[in-house]
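What follows is calculated from the coordinates using simple rules that are stated; it is not laboratory data. Just so we're clear, the structure is a prediction, and the values are computed from it rather than from any experiment. A quick note on method: Cβ atoms are made from the backbone with ideal geometry, for glycine too, and the neighbour counts reach across all protein chains shown.
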Amino acid sequence: MKRSLAVIAPLLLLLSSPRAQAYGWMIRHGYTSCAVCHVDPSGAGNLTPYGRAQGEILLQSHYSGGPPEEASRAAGFLWGALTSPDWLEAGGDLRAGVVGVKVGSAAVTNDLILMQADLSATVSLGHFRFDASIGAVSTNGSRASVAGNLVSREQWVGYSFDDDSMLIRAGRINVPFGLRTIDHTVFVRQATRTDINDTQEDGVTFAYTGESWHGEVMAIAGNYQVSPDGYRERGYSGYLEYSPASKLSVGVSSLVTYAAKDIELNVSNLRQAHGVFARWSPWTPLVLMVEADLVVQGTSSIPSETGAATMLQADYEVWQGLHLIGIAESYSPGVDGTSYGGWLAVAWFFGPHMDVRFDVLDRSQTAGPSRLNVLSYVGQAHVYF
């Protein structure tokens with residue numbers, strides 16, 4: 001039961017938001033890897049100039065019928081109001097929303113929250129890369145916290161070589177595993193603790209981006225924004241993805257870490273996650289993404305337990321910039337039965353650097369011998385600059 005509650009508790013809150021621009025469904029446009037649009041070769045975080053331009057050309061709705069290249073004029077920092085030198089990429093995200101949660105027959109609780117207010121910068125000097133972010137959230141307890149509500153999700157230094165196909169980084173970095181998606185409360189991201197909201201770890205990574213193969217592996221040293229040291233997980237994580245066609249990618253992931261005092265279970269834990277994932281666009285408006293992971297908890301208090309988390313997501317672009325999203329998911333921790341969830345969402349990239357989204361989530365979750373029905377909704381507005 002302790003483990004079930006450790007997973008359920010953060011899911012009930014839904015009170016924080018990930019970094020923006022982690023859209024696996026860009027594969028509909030032939031983007032099988034993320035390195036061309038993101039400073040982080042596995043996706044999310046600061047955008048490259050090319051990524052900014054493609055965001056305005058391919059993501060947002062266009063109304064005038066004019067050439068989409070006109071939209072790229074607003075792609076620069078602060079809608080092109082400021083011109084950065086070639087060695088600097090500045091960015092930021094502001095996201096706020098309302099969250100409602102209804103557990104069983106209880107009344108709905110509503111919260112109006114600041115999910116994200118981040119500034120980020122990437123400095124490129126020859127082969128060297130320096131990246132950092134700083135921001136604030138309206139809730140305490142983030143694993144990315146540096147002081148109270150002040151958070152820093154990423155800080156790293158890197159060296160790029162072989163025509164930028166390879167990148168070595170050291171610092172606080174998103175954990176490479178599975179599908180990188182902004183839906184950070186799906187079971188596969190919660191169970192494996194590999195979201196892009198606040199589960200980044202300090203360590204060293206090596207990333208490779210080729211024509212058909214891409215992947216990243218990380219030696220994890222722990223999250224040095226939490227203490228004491230016993231809470232820090234150490235081990236490895238990585239994924240390898242193969243793209244046999246321009247609109248199809250398949251991959252495998254693996255993670256093994258050990259903590260003397262697991263941050264969620266409060267006992268020593270040799271934690272493992274191993275899985276497969278795929279992205280496919282059979283028809284340009286439609287993208288299907290699937291992930292299935294085995295999750296092993298090897299705690300000191302009871303024998304090891306093996307569970308499984310799965311997700312199937314469909315993204316249908318009704319009109320450029322307007323997306324209908326459906327998610328079906330499950331999670332079995334190895335005890336207490338299986339939890340199930342279904343999501344429906346509408347997202348609209350209605351203007352330069354601006355989007356809104358509304359999600360409804362219905363879950364049947366296990367909590368020891370009991371089962372909880374949890375109905376949630378999230379409405380949010382997002383601006384990146």
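Taking 22 Å as R0, compute the FRET efficiency from the Cβ-Cβ separation of His62 and Trp283 and round it to 0.05.
With R0 = 22 Å, the Cβ-Cβ based efficiency is 0.60.
Distance from a point 7 Å along Cα→Cβ of Val226 to each backbone N in the range 143-177: keep the residues under 19 Å and list them by number.
Only 143-155, 171-177 fall inside the zone, counting backbone N under 19 Å.
Would you mind calculating the gained length between Asn140 and Met354 on full extension (0.36 nm times residue separation, minus the Cα-Cα distance), in nm to one decimal?
In short, 74.4 nm is gained.
Between Ala245 and Asp362, take the C-beta separation as r, use R0 = 22 Å, and let me know the FRET efficiency to the nearest 0.05.
0.05
Evaluate the distance, in nm, between pseudo-label points positioned 7 Å from the Cα of Ala147 and of Phe128 along their respective Cα→Cβ axes.
2.6
Is the shape of the range 135-196 rounded, prolate or oblate, going by the alpha carbon gyration tensor and its root eigenvalues a ≥ b ≥ c, with a/c under 1.5 for rounded and a/b larger than b/c for prolate?
oblate
Could you calculate the FRET efficiency of Asp111 with Asp163 from 1/(1 + (r/R0)^6), where r is the beta carbon distance between them and R0 is 56 Å, rounded to 0.05?
That pair, Asp111 with Asp163, gives E of 0.75.
According to the square roots a ≥ b ≥ c of the eigenvalues of the Cα gyration tensor, what is the shape class of the range 232-385, taking rounded for a/c under 1.5, prolate for a/b larger than b/c otherwise, and oblate for the remainder?
prolate
Taking the Cβ of each residue in Ser281, Ser105 as the centre, tally the other Cβ atoms inside 10 Å and list the residues starting with the fewest.
Ascending Cβ contact count within 10 Å gives the list Ser105, Ser281.
Going by alpha carbons, how many degrees (0 to 90, nearest 10) lie between the helix axis of 2-13 and the longest principal axis of the chain?
Rounded to the nearest ten degrees, it is 40.
Could you compute the net charge surrounding Met26? Neighbours are other residues with a C-beta less than 13 Å from the C-beta of Met26; K and R count +1, D and E count -1.
Spelling it out: positives minus negatives among the neighbours equals +2.
Nearest 500 deg cm²/dmol is fine: what mean residue ellipticity at 222 nm does the chain get from its DSSP H runs of n ≥ 4 alone, each adding -39,500 (n - 2.57), divided by its residue count?
Result for the chain: -1500 deg cm²/dmol, rounded to the nearest 500.
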